[in-house]
Amino acid sequence: MVMKQWPYHFQSSMSNVLVIVAALMAIFLVIYGLYRILRNPFHYPYFVRSFDVSRKRNVDIEDYIDKYLCSEFGWNCIVEHHNTIINWKKRTESYIQTCVLKKRRTRQFYEIIDDNFAFRFKTVRDQTRYRQQNYVKTSYKVSVLDSEIAVDWDWLVQRHRKLERIGFEATLKEYHSRDQRRQMTKELRQQIMKRDHYTCQNCGKYMPDGVGLQIDHIIPISKGGKTVASNLQVLCSKCNGRKGNRRTT
């Protein structure tokens, strides 16, 4: 059996190719290593919260932020994340003090600090889209950005204080609306009915079916009353008619 041997010049060419490939791989690894060392290793810990506003019109993102701040859970999440940012900064600054590339890392750290836009909120909508395969059309939903806003910690604190002054009973837009009657939603009516046990707060008449009961503003809207739970009560139609535009004592 005769073994076929490649010509010497072909073997030499193959060796050269392997050397070139090895050199390119070495160069690539060096460049990649330098990139890994010199790139910015820090990532700012943004707070991101999305609100689903599908099938809703005239959306005001600040209204949704207010509702989120009014809930104890929402405000606690905001405070917790603010503390997370503070602790992240402390840990990063401690790391930089012991880092070999101290000057570079310090510059990179301050480059990504984004406290003015640390808290990001957005509203999204579900949209129906279609795909066709084998002449069969099927639908699927995708989440599409509707609006977004980025704010800092101080903005949230100031807004939370304003909401606290009105007892977290409404959003700022709702509370200061000129048309307070439009703020009387079906959900709010049911909330007041249940709170007052379907009982007239004047004569004490119990009407469990809710028929004949009305939601009354304790301080009339004409005198600056707001459509919030603390200013609402259940009255029967007779008592509400007698009250007229007077403030209930």
For the condition open to solvent by 20 Å² or more (accessible area, probe 1.4 Å), in a helix (DSSP H, G or I), within 12 Å of L156 (Cα to Cα) and touching a residue at least 12 places away in the same chain (Cβ under 8 Å), what is the one hit in E93, E62?
E62
Would you mind stating whether Q108 is at pLDDT below 95 and open to solvent by less than 40 Å² (accessible area, probe 1.4 Å)?
yes
Touching a residue at least 24 places away in the same chain (Cβ under 8 Å) and under 19 Å from Y68 (Cα atoms): does that describe L145?
no
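Answer yes if at least one residue in segment 200-221 is under 20 Å from C70 (Cα atoms) and open to solvent by less than 100 Å² (accessible area, probe 1.4 Å), and no otherwise.
no
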Taking K56, is it more than 19 Å from D126 (Cβ to Cβ) and either surrounded by 13 or more Cβ atoms within 10 Å (Cβ to Cβ) or out of contact with any Pro (no Cβ under 7 Å at 6 or more places or on another chain) (or both)?
no
Looking at I192 and the list (1) open to solvent by 10 Å² or more (accessible area, probe 1.4 Å); (2) touching a helix residue (DSSP H, G or I) at 6+ places or on another chain (Cβ under 8 Å), which single condition is not satisfied?
(1)
For segment 227-238, give me each residue that is touching a strand residue (DSSP E or B) at 6+ places or on another chain (Cβ under 8 Å), open to solvent by less than 50 Å² (accessible area, probe 1.4 Å) and either part of a helix (DSSP H, G or I) or within 18 Å of L163 (Cα to Cα) (or both).
T227, N231
Kindly indicate the residue of segment 38-53 that is open to solvent by less than 70 Å² (accessible area, probe 1.4 Å) and in contact with a strand residue (DSSP E or B) (Cβ under 7 Å, 6 or more places away or on another chain) and also nearest to T106 (Cα to Cα) among those meeting that condition.
F47
So is T128 among the β-branched types (V, I, T), over 22 Å from N83 (Cα atoms) and either modelled with pLDDT of 95 or more or assigned to a helix (DSSP H, G or I) (or both) or not?
no
Hits in segment 131-142 (condition: closer than 24 Å to R57 by Cβ and open to solvent by 80 Å² or more (accessible area, probe 1.4 Å))
K141
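Listed here are the residues, each with its yes/no results for (1) at pLDDT 95 or above; (2) aliphatic (A, V, I, L, M).
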{"position": "K89", "(1), (2)": "yes, no"}
{"position": "C99", "(1), (2)": "no, no"}
{"position": "N116", "(1), (2)": "yes, no"}
{"position": "Q132", "(1), (2)": "no, no"}
{"position": "V136", "(1), (2)": "no, yes"}
{"position": "Y140", "(1), (2)": "no, no"}
{"position": "Q158", "(1), (2)": "yes, no"}
{"position": "S177", "(1), (2)": "no, no"}
Return only the number of the condition from (1) within 30 Å of R39 (Cα to Cα); (2) assigned to a loop (DSSP other than H, G, I, E, B); (3) not small (G, A, S) that Y110 does not satisfy.
(2)
Sole miss for G167 among (1) in a helix (DSSP H, G or I); (2) within 30 Å of V79 (Cα to Cα); (3) open to solvent by 40 Å² or more (accessible area, probe 1.4 Å) is condition (1)
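The values are calculated or read from the model by the stated rules, or taken from the named source; none is laboratory data. Please read all numbers here as calculations on a predicted model, not as lab measurements. Every residue, glycine among them, receives a Cβ derived from its backbone with ideal geometry; neighbour counts consider all protein chains shown. The area values use the complete protein model at the heavy-atom level, side chains included, leaving out ligands, DNA and RNA. Shrake-Rupley method; radii C 1.70, N 1.55, O 1.52, S 1.80 Å.
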